[in-house]
Amino acid sequence: MSASAEFLNAVHAVVGATGWVSDVGEQRDYARDWTRQHEPRPCAVVRPGTTDEVVSVVRLCADHQVPIVPSGGRTGLAGGAVAAAGELVLSLERMNAIVSIDPLACTAEVQAGAITEAVHQRCAEQGLQWPIDFAAKGSSHIGGNIATNAGGIHVLRYGSTRNWVLGLEVVTPEGQVLWLNDAREKDNTGLDLRQLYVGTEGTLGIITRAILRLCPLPRPGRREVIMWATNGMGEALDLLQAARASDAFELCAFEYMNQACARLVSQRLGRSLPLRDAPGYVVAEVEGAHDAWRPGLLEWVETALDEHPALNEHPALNEHTGLDGIIAGDPEKRRAIWALRERIGECLAARGQPRKYDVSVPLSELPSFAAALEQRLRRLNLAPYIFGHLGDGNLHVNLIDSDSKAHAGSEHHPADHAVYETVQAHRGSISAEHGVGLLKRDHLHFTRSPEEIELMRRIKRAVDPANLFNPGKILP
Ligand code: FAD
């Protein structure tokens with residue numbers, strides 16, 4: 001599709017020189033996310049500065065039948081922010097104000113383009129947090145987090161983004177502005193339209209502003225990070241169950257990485273792992289239930305490691321200690337342990353273009369799912385890098401091999417069916433937290449029934465009859 005000069009001039013007149021991206025290289029950058037599977041081909045890229053400008057651009061697009069791709073921090077891993085078919089990219093990055101924080105109501109009002117980490121920092125000044133936390137927070141936008149219903153490392157404790165959004169301002173495909181739910185904690189007046197826009201990847205509306213629900217930051221001295229070497233996922237799940245039973249602390253994060261990930265990240269970061277060589281590792285973050293919680297934590301860890309008594313509370317993280325478990329002990333070591341987990345994605349990307357799967361199954365299915373998956377992939381001669389949010393039943397499965405390079409630019413890989421059939425057989429989801437976008441669209445049927453897909457289609461047609469907002473995303 002090519003946009004007319006009349007249309008482009010009219011859009012330029014709305015956003016002005018500051019809101020218009022004319023450099024072709026920059027246009028390409030704005031027209032894609034972290035995935036590199038599609039060639040970016042936008043008809044134009046705009047960066048409006050106000051909701052009124054968004055409305056005017058949307059109305060012009062409706063008049064000229066030009067589709068729109070809403071764009072946030074472009075850290076998405078599903079191709080949701082990709083414009084590969086002549087769409088107009090509408091970036092929210094100039095609408096990045098953190099308007100206000102209300103410590104009484106525990107809310108923050110922000111524009112959609114506010115960077116997630118900047119919101120964290122402003123909330124922390126008031127002793128508050130917006131508890132959606134993950135490695136891309138330095139670039140992702142609040143609007144992108146809401147549009148993808150982002151998860152991250154603390155879902156186990158706080159749930160996903162959906163739980164932390166009170167109000168939303170949304171621009172519809174007709175160019176109307178909806179202000180949904182305001183800052184009300186309670187409102188049972190029928191359909192909760194706000195939730196229609198959470199996790200629907202910009203296919204139904206453009207989020208321009210939000211009221212976020214906040215909660216208190218943990219008290220100083222109440223958080224600790226522990227890392228264990230385990231004999232695999234089965235043992236990691238035993239630890240999870242035991243940790244949930246403790247009354248000294250609550251689990252905030254329970255992450256897993258297999259040996260391949262641990263070796264890769266330690267090699268890339270030039271740091272030896274502080275623990276013994278093992279088939280898998282757990283990184284857990286816990287929060288004390290009361291001020292005198294630490295003895296309870298130590299007692300619990302020692303009991304949990306009964307069969308592996310080698311535990312060190314203040315390890316030298318750059319040395320290979322051969323231990324079974326370590327407790328970080330201070331903030332710097334906490335960050336160093338988290339880096340081993342959080343930088344896996346970046347280390348994988350540096351090795352090549354991995355084929356990525358972001359799957360989840362009910363926790364009770366995890367051991368049999370993991371065993372079946374490894375068996376299917378072994379038959380294809382593939383050794384996966386597996387890591388993720390084990391406590392949520394969410395694993396990121398990454399494949400790097402000569403085959404995945406050969407298939408990097410293609411929409412399909414021979415392993416897709418092996419992964420997705422195994423997911424389906426274990427009542428799982430083909431996208432736990434990254435969304436569907438372009439990349440998972442053709443695999444939606446492994447998780448959603450034909451009736452559900454048809455209902456989603458009908459909702460899309462009702463809200464966006466001309467199919468202008470992010471066409472071709474989510475629905476096959
Ligand atoms: P984008 O990539 O710009 O867009 C994502 C989707 O949202 C697109 O469909 C886009 O059209 C739509 N969109 C963006 N802004 C708006 C808006 N204002 N209105 C309507 N639609 C909009 N995700 C997790 O959930 N958990 C993780 O632990 C996690 N870890 C990650 C680690 C790394 C290293 C990376 C690179 C990514 C990770 N992600 C993770 C994925 C990604 O960061 C999240 O999906 C994030 O929420 C995307 O936000 P964004 O602003 O970058 O959105």
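The values are calculated or read from the model by the stated rules, or taken from the named source; none is laboratory data. Bear in mind the structure is a predicted one, so any value in this text is a computation, not a measurement. Methodologically, a virtual Cβ is constructed for each residue, glycine included, from the backbone with ideal geometry; neighbour enumeration extends over all protein chains shown. The protein model used for the area step is the full one, side chains on, heavy atoms only, and it has no ligands, DNA or RNA in it. Shrake-Rupley method; radii C 1.70, N 1.55, O 1.52, S 1.80 Å.
At a glance:
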{"quantity": "Among beta bridges that DSSP assigns inside the range 26-121, antiparallel share in %, nearest 5", "calculated": "35 percent"}
{"quantity": "Among 216-222, 104-110, 327-333, the order from most to least packed when residues are scored by Cβ within 10 Å on average", "calculated": "104-110, 327-333, 216-222"}
{"quantity": "Folded to 0 to 90 degrees: helix 5-15 orientation relative to the chain principal axis, Cα", "calculated": "60 degrees"}
{"quantity": "For the range 119-231, alpha-carbon Rg over 2.2 N^0.38 Å", "calculated": "1.21"}
{"quantity": "Size of charge dipole - the range 35-106 - debye, nearest 20, with Cβ of Lys, Arg +1 and Asp, Glu -1, no other charges", "calculated": "240 debye"}
{"quantity": "Rounded to 5, percent antiparallel among DSSP beta bridges of the chain", "calculated": "85 percent"}
{"quantity": "Whole-number D in µm² s⁻¹ for the chain, Kirkwood Cα-pair radius fed into Stokes-Einstein, 37 °C, 0.692 mPa s", "calculated": "140 µm²/s"}
{"quantity": "Fully extended contour minus Cα-Cα distance, from D330 to D63, at 0.36 nm per residue", "calculated": "90.3 nm"}
{"quantity": "For the chain: relative contact order, % (alpha-carbon pairs under 8 angstrom, 6 or more apart)", "calculated": "15 percent"}
{"quantity": "Signed unit charges on C-beta, dipole axis of the range 154-233, positive-most listed residue N181, A229, I207", "calculated": "A229"}
{"quantity": "Solvent-accessible area, 1.4 Å probe, carbon plus sulfur percent, for the chain", "calculated": "49 percent"}
{"quantity": "Accessible area, probe 1.4 Å, largest first, for residues L455, L395", "calculated": "L455, L395"}
{"quantity": "Between the range 103-133 and the range 1-47, the alpha-carbon center distance in angstrom", "calculated": "30 Å"}
{"quantity": "Length added when fully stretched, A242-E185, from 0.36 nm per residue minus Cα-Cα", "calculated": "17.1 nm"}
{"quantity": "Most to least packed among 458-468, 69-79 [average Cβ atoms within 10 Å]", "calculated": "69-79, 458-468"}
{"quantity": "Given K137/K473; K333/K440; K186/K440; K186/K460, the pairs whose alpha carbons are separated by over 29 Å", "calculated": "K333/K440; K186/K440"}
{"quantity": "Surface per residue (accessible, 1.4 Å probe) for the chain, Å²", "calculated": "42 Å²"}
{"quantity": "Calculated P(r) of the range 90-183 - Cα pairs past 19 Å, %", "calculated": "39 percent"}
{"quantity": "Helix 450-463 vs. the chain, principal-axis angle (Cα, 0 to 90°, nearest 10)", "calculated": "40 degrees"}
{"quantity": "Kirkwood hydrodynamic radius (C-alpha pairs) into Stokes-Einstein, the range 336-445, 4 °C and 1.567 mPa s, D in µm²/s", "calculated": "91 µm²/s"}
{"quantity": "Pair A292, N231: separation of 7 Å Cα→Cβ label points (nm)", "calculated": "3.7 nm"}
{"quantity": "Whole-Hz couplings from phi, Karplus 6.51/-1.76/1.60, listed for the range 110-116; x for Gly and Pro", "calculated": "9, 7, 5, x, 4, 6, 3"}
{"quantity": "Convex hull volume of the range 219-282 per residue (C-alpha atoms, cubic angstrom)", "calculated": "98 Å³"}
{"quantity": "Helix axis angle, 366-379 relative to the chain longest principal axis, alpha carbon, degrees", "calculated": "80 degrees"}
{"quantity": "The chain - mean residue ellipticity at 222 nm from DSSP helices (-39,500 (n - 2.57) per run, n ≥ 4, rounded to 500)", "calculated": "-9500 deg cm²/dmol"}
{"quantity": "In nm, spacing of pseudo-spin labels at L455 and D277 (7 Å Cα→C-beta vector)", "calculated": "5.2 nm"}
{"quantity": "Rg and Dmax [Cα atoms of the range 1-143; Å; Rg one decimal, Dmax integer]", "calculated": "16.4, 51"}
{"quantity": "With DNA, RNA and ligands ignored, accessible area of S2 (1.4 Å probe; Å², nearest 10)", "calculated": "110 Å²"}
{"quantity": "Dipole magnitude of the chain, debye to nearest 20 (Cβ charges: Lys/Arg +1, Asp/Glu -1, about Cα centre)", "calculated": "820 debye"}
{"quantity": "Calculated Rg and Dmax of the range 415-476 using C-alpha coordinates, Å", "calculated": "12.5, 37"}
